[in-house]
Amino acid sequence: MNTSAIALMGAALLGAVTTPIAAEGVDNDASGECCNVIELRQYVTYPGKRDVLISLFEKHFIESQEETGIRVLGQFRDINDPYRYTWLRGFPNMEARKQTLTDFYSGQTWQTYRNEANATLYDNDDVLLLRPASAGSGFKPGSRIRPAPDSTTPRNGFVVATVYHFAQEVTPDFISKFNERLMPMFERHGAHIMGRFVTEKSRNTFERLPVRENVNVFVWFASYADRAAYESCLTKLAGDALWRDQAFADLYKSLQGWPEIIMLEPASRSLLP
């Protein structure tokens, strides 16, 4: 791993973990965000089947989910893993999640295409259940218009999801330091941060779909014009004295394990970035 990547990852780890953050959801209706509950889903497909799944998903599983009240936010190819398909969906709250998932998975569209979809999947259990880390930190799709169901035009943009793992629940102190000190630095060097999230600790009430329980994560999503813009951001951060001289030393003081850096290329009909 190059030094600029290490600097970027280490820098966002400043601050100690002390007091757990409260488990209540953020009132997104007041902030214009979407949504109070987010699923970050990372699937492993069989060789040669990722694009088959993406085509099936974009034709049949976007509008059919949104008709139940689910918000399909983004579909992505992991550029470092040809077998991995990553996508995001959101819900107003946990009770709505239970109801909308029940409606979708008992609905006609899923019943018609589920065998075809499942045949592409080696594993679909890598799911993080998240909520906005603080007021105003959720996704804001705004007035973005999704391309038509038959669209295959390549989607512009490049997204990086960074996942920090902690031994205990993420604290208000860490979140404040990220929001007030670290996020401005990322953005000054070229990142456009779209959302910051922590683990949603509510019980998984839709047990048919497992999630990664007993984890404590802080996840932030950033968009860039392309991969070159991302690499430029890393280079600029590596030249920042705060990153270079303090961040790496603070890395293991805060984290449990190494950060996950997920580099994503949006599919044709992705709402984000």
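The values are calculated or read from the model by the stated rules, or taken from the named source; none is laboratory data. These numbers come from a predicted model, not from an experiment. In this analysis, Cβ positions are derived from the backbone assuming ideal geometry, glycine residues included, and neighbour counts consider all displayed protein chains.
Would you mention how many residues in segment 174-194 are assigned to a strand (DSSP E or B) and of a type in the set (S, T, Y)? First the steps, then the outcome.
Looking only at segment 174-194, we keep the residues that are assigned to a strand (DSSP E or B), and these are 192-194.
Remaining after also requiring of a type in the set (S, T, Y): none.
Residues that pass the stated criteria total 0.
Do the conditions hold for L101, that is, is it under 18 Å from the mean Cα position of the chain (by Cα) and at pLDDT 95 or above?
Details: under 18 Å from the mean Cα position of the chain (by Cα): no; at pLDDT 95 or above: yes.
Against the criterion (under 18 Å from the mean Cα position of the chain (by Cα) and at pLDDT 95 or above), L101 does not qualify.
Looking only at residues that are among the β-branched types (V, I, T) and part of a loop (DSSP other than H, G, I, E, B) in segment 116-173, which one is farthest from Q65 (Cα to Cα)? Before you say what the answer is, go through the steps one by one.
Filtering segment 116-173 for residues among the β-branched types (V, I, T) gives 120, 127, 145, 152-153, 159-160, 162-163, 170-171.
The next check asks that each one be part of a loop (DSSP other than H, G, I, E, B); those that pass are 120, 145, 152-153, 170-171.
Numbers: T120: 19, I145: 17, T152: 20, T153: 22, V170: 31, T171: 33 Å.
Filtering segment 116-173 for residues that are among the β-branched types (V, I, T) and part of a loop (DSSP other than H, G, I, E, B), the one farthest from Q65 (Cα to Cα) comes out as T171.
Out of all the residues in segment 64-84, which are crowded, with 16+ Cβ neighbours inside 10 Å and among the aliphatic types (A, V, I, L, M)?
Residues satisfying the conditions are I70, V72, L73.
With closer than 20 Å to L73 by Cα, aliphatic (A, V, I, L, M) and touching a Cys at 6+ places or on another chain (Cβ under 7 Å) as the only criterion, which of A225, A191 stands out? Steps first, please.
Working: A225 fails: touching a Cys at 6+ places or on another chain (Cβ under 7 Å).
Exactly one residue qualifies, and that residue is A191.
Among (1) surrounded by 18 or more Cβ atoms within 10 Å (Cβ to Cβ); (2) over 22 Å from S176 (Cα atoms); (3) more than 13 Å from the chain's Cα centre (by Cα), there is one condition S151 misses while meeting the rest; what is its number?
(1)
Only one residue in R114, R97 is under 30 Å from P172 (Cβ atoms) and either touching a residue at least 60 places away in the same chain (Cβ under 8 Å) or not hydrophobic (A, V, I, L, M, F, W, C) (or both), so which one is that?
Details: R114 fails: under 30 Å from P172 (Cβ atoms).
Result of the check over R114, R97: R97.
From F158, F61, F104, F91, which residue is crowded, with 17+ Cβ neighbours inside 10 Å and closer than 30 Å to G190 by Cβ?
Numbers: F61 fails: closer than 30 Å to G190 by Cβ; F104 fails: closer than 30 Å to G190 by Cβ; F91 fails: closer than 30 Å to G190 by Cβ.
That would be F158, the only listed residue that is crowded, with 17+ Cβ neighbours inside 10 Å and closer than 30 Å to G190 by Cβ.
Of everything in segment 197-256 that's in contact with a His (Cβ under 8 Å, 6 or more places away or on another chain) and assigned to a helix (DSSP H, G or I), which residue is modelled with the lowest pLDDT? Lay out the reasoning, then the answer.
Of the residues in segment 197-256, the ones in contact with a His (Cβ under 8 Å, 6 or more places away or on another chain) are 215-217, 222-224, 233, 236-237, 240, 255-256.
Filter once more, keeping what is assigned to a helix (DSSP H, G or I): 233, 236-237.
Working: C233: 96, K236: 95, L237: 91.
If we take residues in segment 197-256 being in contact with a His (Cβ under 8 Å, 6 or more places away or on another chain) and assigned to a helix (DSSP H, G or I), then L237 is modelled with the lowest pLDDT.
Against the definition (of a type in the set (S, T, Y), crowded, with 17+ Cβ neighbours inside 10 Å and over 19 Å from S270 (Cβ atoms)), how does T120 come out, yes or no?
Details: of a type in the set (S, T, Y): yes; crowded, with 17+ Cβ neighbours inside 10 Å: yes; over 19 Å from S270 (Cβ atoms): no.
Considered against the rule, which asks whether it is of a type in the set (S, T, Y), crowded, with 17+ Cβ neighbours inside 10 Å and over 19 Å from S270 (Cβ atoms), T120 comes out as no.
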